[in-house]
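Enquirer: Pasting a structure below so you can have a look.
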Amino acid sequence: MKILNNFFEKPGFLGLLLAIYLINPLDLGFLLGYMIFALLITKGRFLKENIDFDAFLLTIFSLIYGAFYALDPEFGLQFILIYGVFPPTFYLLGKYLSNKVTTEENLFKSLITVGFLLSFSALISVLVSIMADGFGQIDRSLPMIWGDQVVSATIMGSYFVLNMCIPALLIVRQIKISLIMRIVMIVVFVLSLLCILRIGTRTQIVISLFTLLAALIFIIPKQSLKKNVIMFSIFIGGIILLIQNVKFDLSSDWLSAFADRMENNNGADIASGGGRTSRWVKSMEYLFKKPLGWDVEEFGHSHNLWLDVLRASGVLPFLLLIIFSIRSVIKVKKISSLNKKLLSFFNQIRIYTLALLLLFMVEPIFEGMFATFIVFCFLIGVITKFDSRYKLTKKEEQKIIKENEVQV
């Protein structure tokens, strides 16, 4: 329970609202988003100190994007509010959490909690299906635990995106994590992996492998030869143990969903990202042919966050989102070089950002996976506030050193 205390103790009621929003009970999490927005705008001093260029950029982008749903006869007003308000709200909420949870260790644990909470509903839903019917089911789409509406496997898999980063987090061991927490993280990862295998989402497997590789590239130059040898010995031993005890055969029940996908997709389709690359090329052509956007019926979703924003709302929101994304990547790169004593926290930031951007590269996001973009905005808010707070601390340290030198 200590990890939950770190998450809720300092942020208080706003932390609780964030948790419920991420769990999204009965698909009513958006109501908690409205409450977060309402509470944040009452904090005048906080807003005055924390509304920056990125908050302004996100607000303009969100309002323009949301305005394109104004004429929707069924969801117009709701979509305007959700798309127009939530991204900048959760960006500011990230800054608020980072301001309240002051130590890197607790920020690390808080962000892990965000990943757990984001996956909670999907995790329970898929595990219930596995316990009821096992892995030998061809239908990859499942309903959430509290509703009858079937959710596509791609959308269901997106909720596990941060959980799939757990191996990449565990190999960097600078922050002291209790044995119980490590066990919890491993159990959550194993359960998430079982869920991913059940619904047959290749994207999450790729994300897990890429983030693990990125973490290795990050940590190997920073560790001693002895630590690297021990780390790779554990890896090799684990792989040998896995191969000896697990049957990797597409005819196995536990790989039924993947086997069905492989049988229905040839090599060319896999090489083209499931046909996504042709849609990306077509979308870039439409950037010039239809700069104000086009109907999804033209050739379906572009399967890319930025290109689907272009399709839905035109070139202006597309450019604004690209600017915000580039600025976010620059922030992550910049903060990762601040202090060698904060390796675990900086590795987590890099890994989470990479995982989310990989997901954004291949999925529409705003149409079905909007919560993952909200988590991205939240993460960038955390990074931005931490960076400014860290710089302030360093300036204060330098001031103290100079004062002491004058006294001497």
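Enquirer: Could you tell me the calculated FRET efficiency between Leu194 and Lys43, based on Cβ-Cβ distance and R0 = 45 angstrom, to the nearest 0.05?
Expert: About 0.60, to the nearest 0.05.
Enquirer: Can I ask one more? Once you put a point 7 Å from the Cα of Lys333 and another 7 Å from the Cα of Ile230, both along the Cβ direction, what distance in nm separates them?
Expert: 3.4
Enquirer: How much of Phe318 can a 1.4 Å solvent probe reach, expressed as accessible area in Å² and rounded to 10?
Expert: 20
Enquirer: A further question follows. Working with all protein chains in place, sort Trp294, Trp280 by solvent-accessible area computed with a 1.4 Å probe, largest first.
Expert: Descending order: Trp280, Trp294.
Enquirer: If you don't mind, there's one more thing I want to ask. Mind checking the dipole of the range 87-244: about its Cα centre, +1 per Lys or Arg Cβ, -1 per Asp or Glu Cβ, Debye to the nearest 20? Intermediate results must be reported in sequence, preceding the final value.
Expert: Working: 12 positive and 5 negative charges, 136 e Å.
The calculated dipole for the range 87-244 is roughly 660 debye.
Enquirer: First measure r as the distance between the Cβ atoms of Leu127 and Leu16, then evaluate 1/(1 + (r/R0)^6) with R0 = 30 Å and state the FRET efficiency to the nearest 0.05.
Expert: Working: r = 25 Å, r/R0 = 0.82.
Using R0 = 30 Å, I get an efficiency of 0.75.
Enquirer: May I ask you to derive the FRET efficiency for Asp139 and Val206 from their Cβ-Cβ distance with R0 = 22 Å, giving the value to the nearest 0.05?
Expert: With R0 = 22 Å, the Cβ-Cβ based efficiency is 0.45.
Enquirer: Taking a 1.4 Å probe, which of Leu305, Leu28 shows the most accessible area, and what order do the others take after it?
Expert: Ranked list, largest accessible area first: Leu28, Leu305.
Enquirer: How much length is gained on full extension from Ile23 to Ile239, taking 0.36 nm per residue of separation minus their Cα-Cα distance?
Expert: Working it through step by step, the gained length comes to 74.4 nm.
Enquirer: Once you have the Cα-Cα distance between Val296 and Ile322, take 0.36 nm times their residue separation minus that, and quote the gain in nm to one decimal.
Expert: Additional length available on full extension: 7.3 nm.
Enquirer: Another question, then. Could you order Val382, Val150, Val184 by accessible surface area, starting with the largest, using a probe radius of 1.4 Å?
Expert: Val150, Val184, Val382
Enquirer: For Val187 and Phe56 in the same chain, what is the full-extension length gain: residue separation times 0.36 nm, less their Cα-Cα distance, in nm?
Expert: Difference between extended and current length: 43.2 nm.
Enquirer: Return the long-range amide H neighbours of Val151 (sequence gap of 5 or more, or a different chain), with a cut-off of under 5 Å between placed amide H atoms.
Expert: Close amide H contacts, sequence-distant or interchain: Leu142, Met144.
Enquirer: Per the Kirkwood treatment, what hydrodynamic radius in Å, one decimal, follows for the range 107-187 from the mean inverse distance over all distinct Cα pairs?
Expert: About 14.2 Å for the range 107-187.
The values are calculated or read from the model by the stated rules, or taken from the named source; none is laboratory data. Owing to the predicted nature of the structure, the values given are computational and were not obtained by experimental measurement. Counting neighbours? That spans all protein chains shown, and the Cβs are built from the backbone with ideal geometry, glycine included. For the accessible areas, the whole protein counts, side chains as well, though only heavy atoms, and no ligand, DNA or RNA atoms are used. Shrake-Rupley method; radii C 1.70, N 1.55, O 1.52, S 1.80 Å.
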